[in-house]
Amino acid sequence: MKFSVDEFRAWKHKSITLLGMSGVGKTYLSMLLRQHNWFHYSGDYRIGTRYLDEPILDLIKQQAMQVPFLRDLLRRDWIYIRNNIKVADLGPVLSFVGKLGNPELGGVPLGEFTRRQALYRQAEIDAMHDVPGFIRKAHEIYGYPNFVNDVGGSLCELEEPAVIDLLARHTLILYIRVTEKEEEQALIERAQSDPKPLYYRPDFLEDQLQEYLQLNGLEFAAEMDPNGFTRWVFPRLFHSRVPRYQAIAEPHGYTVTSHEVGAVRDERDFLELLETAIARKGE
């Protein structure tokens with residue numbers, strides 16, 4: 001959606017999609033707005049609780065069945081297993097997506113990793129297709145006047161233009177751009193110390209995997225230290241996403257900086273920042 005500042009102020013039921021790398025401030029803004037009567041739609045939470053719930057449980061049960069005591073309990077239906085995914089804790093999704101590398105070091109073999117990546121991509125697409133329905137639910141069922149869509153950092157990787165078009169029709173897209181080298185490095189370090197589920201475009205993963213194997217004198221992905229590969233590839237993933245975010249924001253939305261987001265303390269600050277972004281683009 002595109003607006004003039006006056007049109008935005010007059011927009012009775014605001015619906016905003018926050019776009020940017022994980023850790024850039026999307027969930028911070030969403031949780032803040034939730035305190036001001038905004039409906040918080042977390043794409044990652046929807047992925048974990050709706051579209052990857054069964055694959056996650058299947059993986060957990062597969063592991064549990066290798067333990068004789070648990071296998072007997074499960075087969076007799078004496079216990080059940082469920083996910084406990086939270087908006088601020090996506091541990092089950094992270095465990096399911098896993099890290100590519102040596103299984104003996106906790107990694108996932110390339111074939112299985114690729115399968116899970118495809119499931120994760122489709123789950124993110126499906127979760128974004130749910131946005132218009134949740135906007136309606138937010139207003140008609142739960143009585144929230146405004147809606148914020150907190151999308152995963154990999155939205156720009158999906159190569160699914162219909163998803164972007166849908167979000168642009170139903171929401172104002174706000175891209176949070178990292179501007180300072182220090183902030184960029186801090187974001188990379190935070191993502192490495194507190195990782196989120198990562199989706200890699202197949203061509204990007206193939207290129208980076210071949211380069212990493214060559215640099216380290218390895219022949220197969222199964223020989224890699226999964227943590228080592230993830231630490232090495234993430235800065236490259238970060239920089240590859242920047243032009244992809246910009247390619248979405250330029251025709252479809254508005255841009256603010258992570259520094260500007262860091263100064264937001266309440267709903268009023270947020271709305272003023274949006275007005276600034278709208279006015280800036282109209283200059």
Exercise. Within the group Tyr212, Tyr254, Tyr245, which residue is in contact with a helix residue (DSSP H, G or I) (Cβ under 9 Å, 6 or more places away or on another chain), part of a helix (DSSP H, G or I) and within 30 Å of Ser4 (Cβ to Cβ)?
Worked result: Tyr245
For this session: Could you please tell me which pairs satisfy a Cβ distance under 8 Å, a separation of 6+ or placement on different chains, a first residue in region 46-75 that is closer than 25 Å to Ala88 by Cβ, and a second residue that is surrounded by fewer than 14 Cβ atoms within 10 Å (Cβ to Cβ) and of a type in the set (D, E, K, R)?
Result: Leu57/Arg82
For this session: Those residues that are in a strand (DSSP E or B) and aliphatic (A, V, I, L, M), I need them from region 1-59; list them, please.
Result: Ile16, Leu18, Leu19
Exercise. Given the residues Asp130, Asp126, Asp89, which is the only one that is charged (D, E, K, R), farther than 19 Å from Trp232 by Cα and either touching a helix residue (DSSP H, G or I) at 6+ places or on another chain (Cβ under 6 Å) or buried (at least 19 other Cβ atoms within 10 Å of the Cβ) (or both)?
Worked result: Asp126
Exercise. Out of the residues in region 1-28 that are under 17 Å from Val261 (Cα atoms) and modelled with pLDDT of 95 or more, which is surrounded by the fewest Cβ atoms within 10 Å (Cβ to Cβ)?
Worked result: Ile16
Exercise. In this structure, is Glu223 without any contact (Cβ under 8 Å) to a residue 60 or more places away in the chain and either surrounded by 14 or more Cβ atoms within 10 Å (Cβ to Cβ) or charged (D, E, K, R) (or both)?
Worked result: no
Exercise. Taking region 41-93 only, how many residues are modelled with pLDDT of 90 or more and in contact with a strand residue (DSSP E or B) (Cβ under 6 Å, 6 or more places away or on another chain)?
Worked result: 2
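The values are calculated or read from the model by the stated rules, or taken from the named source; none is laboratory data. Every value quoted in this text rests on a predicted model; they were computed, and no experiment measured them. Virtual Cβ from ideal backbone geometry, glycine too; neighbours counted across all protein chains shown.
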